[in-house]
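The values are calculated or read from the model by the stated rules, or taken from the named source; none is laboratory data. It should be emphasised that the depicted structure is a prediction, and the values quoted were computed from it without experimental measurement. Cβ coordinates were reconstructed from backbone atoms using ideal geometry, including for glycine residues, and neighbour counts include every protein chain displayed.
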Amino acid sequence: MGESRYHLVNLGPARDQFEALFGITLRERFANIGLDPELDLDVIKLGQAGDFDEFDGLSVGLWLGGESPPDPADRDLLRRLQQAGAPILPLVPDITKFSSFVPEELRPINGRQWDDDRIPGDVLRGFRLTRQLRQAFVSYRRTDATPVAVGVFNGLTQRGFEVFLDTASVEATEPFQDTLWDRMADMDLLVLLDSPNALNSRWVNEELVQVNNLGLGVLQLIWPGHTPYQETHLSTPLPLEPADFVGGNYGPEGRLTDEAIGKITATAEAVRITSLAARRTRVVGELVALLPPAMRADVQPAGPVILRPADGGPYGRPLGLVLPIVGLPDAWSVYRERSGLAALRITVGASTGTTLENLDIEGLAKGSRVRVVYDGLGVRDEHIQRLIWLNGYLPLKTASIDHQPRPPAGDSESLSHWLESLATAVPAGGFA
Amino acid sequence: MTGAPIFLSASVPFGDRAKRYPPEPVAIREAVRGLIAAAMPRHSIVFGGHPAISPMVWDDANSLGTVDTVFIYQSELFKNDIPKEANFFTKLVWTPQVPATPQKGDLAKSLEAMRDAMIVHRIVEGSKMLDPNAAPDLPTFAAGVFIGGMNGIIDEWDLFRAHYPNVPALIVASTKGATLDLMADPNRNPGYPPQVRQMLERDRRYRHVFRQLLP
């Protein structure tokens, strides 16, 4: 678990230019948000590809383009990353000649010129490391563990997390789900302080199982001498020793040592990475695997997945768009995705690929060619009911990655049916 | 019309044995969910109750409307320890608590009885438990799926393979735990074709993996 890192995979004929172009700035940006680039960031190059597991840890691919033909090993690694749903940023020395610098499979994807100062921000966004997308919830029992909770809060905050402390949940009177549910899409991590008497089985069975279904990572700090409920076994355990507490005092006034807090925050990061990668696989990886053979998906580094005919060449007119989201669709996350669409420009039509057009989002949405895709497996009826209410106000239709018998209103036919119908449709016209 | 059942053997390494079998709880979680999503409603599921996994299986099957085709086996030995979610299942199968013998303790004997009913004889009806001549209540398995686990999963693998040698048995090695031992053991590894082995060892798109590999 401690092996999980943010993997920045360098590909392409100009990959050796990475350090000169981005090495310093990227590491600075990592450090600025409270991470340690030496420990948390792994820059992967060809040669390490054999050991590299594209499903373990969170990956972003940088394709540094050039005129020389791409190494087949690079293209293979690219394919593996794309299958896992990792965002790929194609970067070229001259954006006006983009398509001559990248292999065919990357031509449909928006690229940048490598002196573009937005690139570090793109990388961080690919890792979901912007502050608003990096949130943690800490649940603890007030009478057992307040100083420890404060220590964990401070440690995670210094590491760049926005942290929400919650006592009410484990006190077993209020369900924690209301507070948590409102921010579910942006919450990656729950840190559970399993002090004696902290958890009760009702909370564990109802709340924790929902947290797991939603895909949050759960890090469980286990007090010395305390045996966790078996129901918590899907959490990542971190057993605490008396030596982790100042003066060996792990009673209600006990505080953690700095070393212990360091160990906890490093493990929290690894849990975040692993569960975020799994959440991304649930919607992007699985979506790409579901496509009918007649269709191809181009995963943009930020923004929607563009669906095109498989035989239409890199610039075929889109058949539709998918916005995969982490967590459940709510008004805010859908609005945010929808706003991002308005600024999207993609290359369409001309085989030389120099024409950038604005995508007609309205036309595609009206023609029922846009879907927000989410993983709703195991979500309980009361939350689906909330979604039904919200769906009346959402500007886009939603679809669950699985076929659900009682979909919220606003979910159209199953995702598979929708994809099949797009594959047999005439490509969308109506470009602005 | 639901087809033949799939046997699921899944657990999460914990405690001292977690040193031998380092856990990957996220992978185990994703694999179990992926199986339920890919296999149901086409197949029913048979599994031994587990305190962390049972509630999630229930929620997932419930959201698909397929709770009625999940058969969950619980030993009477643990009657007081199981989560209340186990009782939400409509097909909860109790297997008897068996007293210790000079050779084996009551835990081992009761677990043996449960595995006998669940895997070997496919008995659901309480009165037929422990009757070696009882006819099965469930059709023969379409597949066996093995996720995470510790020593118990190895015992269940051996039992499943002994009685259903021609039924596809999937070692989901990307979930680590004892599945790594199964995959590495030349006497137990069934000899998957290279692409299948690669999928089982690396691919975390579990819905996709099971759609491809289940009959």
- Query: Got a sec? Which of A:323, A:377 is at pLDDT 80 or above and more than 14 Å from chain B (Cβ to nearest Cβ)?
  - Reply: A:323
- Filter the range A:219-267 down to the residues that are within 14 Å of chain B (Cβ to nearest Cβ) and small (Gly, Ala, Ser), then identify the one that is farthest from residue B:13 (Cα to Cα). A:225
- Query: Counting only residues that are surrounded by fewer than 22 Cβ atoms within 10 Å (Cβ to Cβ) and within 19 Å of residue A:127 (Cβ to Cβ), which one in the range A:82-110 is nearest to the chain's Cα centre (by Cα)?
  - Reply: A:83
- Task: State which residue pairs qualify: first residue more than 10 Å from every other protein chain (Cβ to nearest Cβ) and in contact (Cβ under 8 Å) with a residue 24 or more places away in the chain and inside the range B:30-46, second residue in a helix (DSSP H, G or I) and not hydroxyl-bearing (Ser, Thr, Tyr) in any location, beta carbons under 8 Å apart, and separation of 6 or more residues or different chains.
- Result: B:35/B:210; B:39/B:210; B:45/B:35; B:45/B:36; B:45/B:39; B:45/B:57; B:45/B:61; B:46/B:118
- Task: Confirm whether residue B:123 is in contact (Cβ under 8 Å) with a residue 12 or more places away in the chain, β-branched (Val, Ile, Thr) and more than 26 Å from residue B:212 (Cα to Cα).
- Result: yes
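Could you say which residue among A:294, A:270, A:289 is within 30 Å of residue A:85 (Cβ to Cβ), at the interface with chain B (Cβ under 10 Å from one of its Cβ atoms) and surrounded by fewer than 24 Cβ atoms within 10 Å (Cβ to Cβ)?
A:289
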- Task: Tell me, please, whether a residue that is outside any loop (DSSP other than H, G, I, E, B), at pLDDT below 65 and at negative phi can be found in the range A:391-404.
- Result: yes
- How about the range B:47-85: which of its residues are more than 10 Å from every other protein chain (Cβ to nearest Cβ), closer than 24 Å to residue A:379 by Cβ and in contact (Cβ under 8 Å) with a residue 24 or more places away in the chain? B:47, B:49, B:69, B:70, B:71, B:72
- Task: May I ask you to list the residues in the range A:58-81 that are within 14 Å of chain B (Cβ to nearest Cβ) and surrounded by 17 or more Cβ atoms within 10 Å (Cβ to Cβ)?
- Result: A:58, A:59, A:77, A:80, A:81
- List, please: which pairs have Cβ atoms under 9 Å, are six or more places apart or on different chains, and start with a residue in the range A:19-30 that is modelled with pLDDT of 95 or more and end with one that is part of a helix (DSSP H, G or I) and buried (at least 18 other Cβ atoms within 10 Å of the Cβ)? none
- Message: For the list (1) in contact (Cβ under 8 Å) with a residue 60 or more places away in the chain; (2) within 14 Å of another protein chain (Cβ to nearest Cβ); (3) farther than 18 Å from residue B:11 by Cβ, I need the number of the one condition that residue B:88 fails.
- Response: (1)
